[in-house]
Structures are given as C-alpha cells and as structure tokens.
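A short write-up of the structure that comes next.
The values are calculated or read from the model by the stated rules, or taken from the named source; none is laboratory data. These figures come from a predicted structure and were not determined experimentally. As a convention, Cβ positions derive from the backbone with ideal geometry for all residues, glycine included, and neighbour counts pool all protein chains shown. Areas reflect the complete protein model, heavy atoms only, side chains present, ligands, DNA and RNA absent. Shrake-Rupley method; radii C 1.70, N 1.55, O 1.52, S 1.80 Å.
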Amino acid sequence: MIESLDLDFFVRFAINMVAIFSLVRFCYFRFSRRRAYASSFILFGMGVFLVTGQLSSVDISMGFAFGLFAIFSMLRYRTESIDIKEMTYLFLVISIGLLAGVGTMTHLELIALVIVICLLAWLTETSFLLPMLEERTVDYEKIENIVPQRRAELLEDLRTRLGLDICDVDIVSVDFLRDTARLKVQFLPPADTNS
C-alpha cells in the first residue's frame with residue numbers, strides 16, 4: 001500500500017526527462033546523428049536521476065553522489081574511445097540528472113536552469129556562435145607540401161582532391177619511411193547536409 005505519492009519526485013523526474021530528451025534530441029542527435037550515444041544518454045540520465053533521487057533521502061553530500069556517477073560513467077566508457085563532444089554531453093546529462101535528483105532549487109529554478117543548459121548547447125551546435133566546421137583525418141602522400149612554405153599549395157591540393165571547402169589543416173604525424181603524412185583537415189560542411 002502506497003502511503004503517499006511524492007509529487008516533488010515525479011515533477012522533478014518529468015523535468016529531468018524532458019530536459020534530457022530535449023538536449024539529446026534537439027542538440028546532440030540533430031547535429032551528430034549517432035543514435036547509439038543518443039539513446040544511451042537518455043537512459044543514463046534517467047538512471048542518474050532515479051538513483052540520486054532515491055539517495056537524496058539518505059544523508060549524503062552532492063559531491064559523493066557526483067563522484068559515484070563519475071565512477072559509474074567511467075566504468076562503461078573507459079574501454080571505448082569517446083570524443084570530447086560525447087564526453088561533454090555525457091557530463092551535461094549527468095549534471096541535469098544530479099540537479100534534478102538531489103538539487104535543492106525550486107521547480108521553476110530547475111526548469112530555468114535546464115532551459116539555459118539546453119539553449120547554450122543548441123547555440124554551440126549552430127553557426128550562431130561558432131562557424132560550422134567538420135573534421136576528417138586523411139593520409140597524404142605529397143609530403144613535400146607539408147612544409148610551412150608550401151601551405152597554400154597543400155590547401156589547394158586538398159581542396160581539389162577532396163572537393164571540400166578546406167579551412168585549416170593540422171599535421172598529426174609524418175611517416176618518412178612511407179613518405180606520407182596524416183593530416184587533420186577542417187572544412188565547411190556541404191550546404192545540403194546542414195539541415
């Protein structure tokens with residue numbers, strides 16, 4: 001028999017899930033299209049909230065709760081090479097779950113805070129604050145073009161061969177035995193893929 005429904009818990013759970021779904025669906029997934037990460041972020045955020053929400057009745061600190069989930073997140077993601085973008089979204093999902101689960105703010109303050117988080121995440125994914133650039137790593141055999149004096153020739157050769165609007169090139173490594181270089185190329189995405 002249920003003695004009483006904890007309305008605060010369910011309201012915070014709803015705020016948490018709407019915030020995480022909005023962050024993942026409209027910020028992360030819209031621009032990266034990585035479904036496996038998106039679905040795991042949603043489930044991870046739900047799990048963080050449920051466990052910390054239940055732990056909030058026990059006398060523990062916010063630091064202990066955050067440390068607990070930092071350990072859990074590293075257990076799963078430590079064996080896989082995870083990009084900085086995915087790591088950032090994982091941190092945001094954990095933060096929202098912790099704020100909703102054990103935060104002391106009112107519902108309106110929590111809603112305002114997660115709206116700010118989601119809005120800033122969306123702004124950083126668009127070209128409003130930063131230019132939209134994509135990266136690709138390529139193996140390049142014209143090793144004579146990687147010297148600083150021939151940078152313009154390197155950029156023009158890459159633009160011609162890749163058919164992309166190359167903005168910048170970084171040298172990752174050089175293999176003098178094979179006369180190749182591994183380059184990280186930054187380019188503007190084609191107009192039709194940025195919808």
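Things to note:
- Filter result for the condition that a residue is modelled with pLDDT of 90 or more, surrounded by fewer than 14 Cβ atoms within 10 Å (Cβ to Cβ) and of a type in the set (D, E, K, R), over Arg182, Arg136, Arg161: Arg161
- Residue list for region 18-35, restricted to those being of a type outside the set (S, T, N, Q) and within 18 Å of Val116 (Cβ to Cβ): Val18, Ala19, Ile20, Phe21, Leu23, Val24, Arg25, Phe26, Cys27, Tyr28
- Residue check, Phe72 modelled with pLDDT of 85 or more, open to solvent by 60 Å² or more (accessible area, probe 1.4 Å) and part of a helix (DSSP H, G or I): no
- Taking region 91-110 as the range and being among the hydrophobic types (A, V, I, L, M, F, W, C) and open to solvent by 90 Å² or more (accessible area, probe 1.4 Å) as the test, the residues that pass are Phe91, Leu108.
- Yes/no for Leu113 being under 30 Å from Gly97 (Cβ atoms), modelled with pLDDT of 90 or more, open to solvent by 40 Å² or more (accessible area, probe 1.4 Å) and not hydroxyl-bearing (Ser, Thr, Tyr): yes
- Residue count, region 185-195 (criterion: loosely packed, with under 14 Cβ neighbours inside 10 Å and at pLDDT 90 or above): 0
- Condition check for Met87: over 21 Å from Leu110 (Cβ atoms) and at pLDDT 80 or above: yes
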